[in-house]
Amino acid sequence: MSAVDGLNDVRNRIEAAARQAGRPEGDVELIAVSKTFEAEAIRPVLEAGQRVFGENRVQEAHGKWPGLKQDYPDTELHLIGPLQSNKTKEAVALFDAIQTVDREKIARAIAAEMKKQGRTIRLYVEVNTGMEEQKAGIAPDDCADFLRLCREELGLSIEGLMCIPPFDENPGPHFALLRKLAEENGIEKLSMGMSGDFETAIGFGATSVRVGSAIFGAR
Ligand SMILES: *Cc1c(COP(=O)(O)O)cnc(C)c1O
């Protein structure tokens, strides 16, 4: 299957899942995750009209996206992988959204860098819903305090919450937990669901799904 066939298939599946969940058309945004794929593999997907993309490494994105963005200026680029503080400057300059605000140090660095560059980008807090030791993200119990710090002390506007459920678990309870945390904290957007579980995530209220391999093929 070509990436464009994959894209069309994923779009249809998103619409079907939204309809089944009783949600209006266009309620769920597709973030096409293009990590590990070269610019030439991404172009046909841009040509087919997709404009929102996710990358997980600042360096890799920097290598291919400035050129692509020049050709497709209305493209929106989301960072969905961990951010090292020494890459904050580059990330704030390149990305339109950072979905992986996962600790105080990085929140402070992003706030300072946005001010310095006079640039506002959209921010999501990553929540470690499975409390996995090796995984980034704020613990669910710390989420309210962390959001308060971001909003009140750092003056950051947090658009949404993001999670990556444990690989080997039923994702439903994790999506439900993320939704509950969003509701408790007055947050509207939920970034959850990947190739294997985006339809489930839509049932639990995902407002954006991050889909890579179902579009571009195996990595
Ligand atoms: C790679 C990645 C995805 C996409 O995964 P697929 O299973 O290929 O759809 C989504 N979210 C994050 C954070 C990722 O790193």
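The values are calculated or read from the model by the stated rules, or taken from the named source; none is laboratory data. Since we're looking at a predicted model, the values are computed, not measured. No Cβ is skipped: glycine too gets one built from the backbone with ideal geometry, and neighbour counts run over all protein chains shown. Side chains included, ligands, DNA and RNA excluded: accessible areas come from the protein's heavy atoms. Shrake-Rupley method; radii C 1.70, N 1.55, O 1.52, S 1.80 Å.
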Name the shape class, rounded, prolate or oblate, that the alpha-carbon gyration tensor gives for region 70-219, where a ≥ b ≥ c are the square roots of its eigenvalues, rounded holds for a/c under 1.5, and otherwise prolate holds if a/b is larger than b/c and oblate otherwise.
oblate
Any GluC sites (Glu not before Pro) in region 116-219 that lie in a DSSP loop and have at most 16 other Cβ atoms within 10 Å would be Glu132, Glu133, Glu169, Glu188
Amide H partners (placed H, <5 Å) of Glu76, local residues excluded:
Val52, Phe53
Determine ³J(HN,Hα), in whole Hz, for all residues of region 105-122 in sequence, where each value follows from phi through the Karplus function 6.51 cos²θ - 1.76 cosθ + 1.60 and θ = phi - 60°; x replaces Gly and Pro.
4, 6, 4, 5, 5, 5, 4, 5, 6, 5, 5, 4, 8, x, 10, 10, 10, 7
Calculated FRET value between Arg219 and Glu183, using beta carbons and R₀ = 35 Å, to 0.05
0.55
Using amide H atoms built in the peptide plane, which far-off residues or other-chain residues are under 5 Å from Thr100 H to H?
Tyr124
How do Lys116, Lys64, Lys189, Lys89 rank by accessible surface area computed with a 1.4 Å probe, from largest to smallest?
Lys116, Lys89, Lys189, Lys64
Three-way shape label, region 133-219, alpha-carbon gyration tensor, a/c 1.5
prolate
Long-range amide H contacts for Val33: which residues qualify at under 5 Å (H placed 1.01 Å from N, peptide plane, sequence gap of 5 or more or a different chain)?
Gly54, Val211, Gly212
Rounded to the nearest 10 Å², the accessible area of Val58 using a 1.4 Å probe with every protein chain kept is 10
Percent of accessible area on the chain owned by carbon and sulfur, 1.4 Å probe?
47
If I model a spin label as a point 7 Å beyond the Cα along the Cα-Cβ vector, how far apart are those points for Arg122 and Gln134 in nm?
3.1
As a test of reading the structure, rank Thr36, Thr100 by solvent-accessible area (1.4 Å probe, protein chains only), most first.
Thr36, Thr100
Explain nothing, just the number: dipole magnitude of the chain about its Cα centre with +1 on each Lys and Arg Cβ and -1 on each Asp and Glu Cβ, in debye rounded to the nearest 20.
560
Mind jotting down the three principal axis lengths of region 1-136 based on Cα atoms? Whole angstrom, largest first.
40, 36, 28
